[in-house]
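Data first, discussion second: the structure below is written as structure tokens.
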């Protein structure tokens, strides 16, 4: 990956709706080689997909909660069941296996406390967990999907 590929990625991270010709013009290439580079970045899996970022507040999804979970069991079968179960809950927008005191971290986006309570009951009712704790985000200070490349 060279400087031009990085520039393409930087541009696409900021606006995935840019046309190939717009990108090519901004990086100093003609459209065909620029298009080939984008295709190659997709083929290599560097560009995973292109999406629209939505405004959670405007969609009445103004509460972000970080949920930490301790596993009920520490084996691959339980992890598989938990991962499959959590993947099916649309309010979970991010899911990580962690080091430290808690085994998993979930980022959950819901409308309000009542919606979180419904989510929480579904989470703890669907699979055996050892411990669950939640922290509510009071203010979003920085949010980006753009990676430093």
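Since every read-out is calculated from the coordinates, none of them should be taken as a lab result. Small disclaimer: the values here were computed from a predicted structure and weren't measured. Glycine gets a Cβ as well: all are built from the backbone with ideal geometry, and neighbour counts include every protein chain shown.
Put simply, when 130-136, 77-83, 21-27 are sorted by average Cβ atoms within 10 angstrom per residue, most first, you get 21-27, 77-83, 130-136. Placing R0 at 22 angstrom, the Cβ-Cβ distance between residue 145 and residue 3 gives a FRET efficiency of 0.50 after rounding to 0.05.
Compared with the alpha-carbon gap, the fully stretched path from residue 49 to residue 134 is longer by 27.6 nm at 0.36 nm per residue. For the range 3-43, a/c is less than 1.5, where a ≥ b ≥ c are the root eigenvalues of the C-alpha gyration tensor. That puts it in the rounded class. Here the calculated FRET efficiency for residue 117 and residue 74, from their Cβ-Cβ distance with R0 = 35 Å, stands at 0.80, rounded to the nearest 0.05.
Subtracting the Cα-Cα distance of residue 26 and residue 98 from their residue separation scaled by 0.36 nm leaves 21.9 nm.
Shape of the chain from its Cα gyration tensor (a ≥ b ≥ c, root eigenvalues): rounded if a/c is under 1.5, otherwise prolate when a/b > b/c, or oblate? Prolate is the answer for the chain, as a/c is 1.5 or above and a/b outweighs b/c. For the range 1-83, a/c is not less than 1.5, where a ≥ b ≥ c are the root eigenvalues of the C-alpha gyration tensor, and a/b does not top b/c. That puts it in the oblate class. Springs join every pair of Cα atoms under 10 Å in this Gaussian network model of the chain, and among 62, 45, 88 the largest mean-square fluctuation is at 45. A full extension of the chain between residue 127 and residue 59 corresponds to an added length of 21.6 nm, given 0.36 nm per residue minus the alpha carbon distance. Label-to-label distance for residue 39 and residue 13 is 2.5 nm, based on points extended 7 Å past Cα in the beta-carbon direction.
Summed over qualifying helices (DSSP H, 4 residues or more, each -39500 (n - 2.57)) and divided by its residue number, the chain shows a 222 nm mean residue ellipticity of -12000 deg cm²/dmol.
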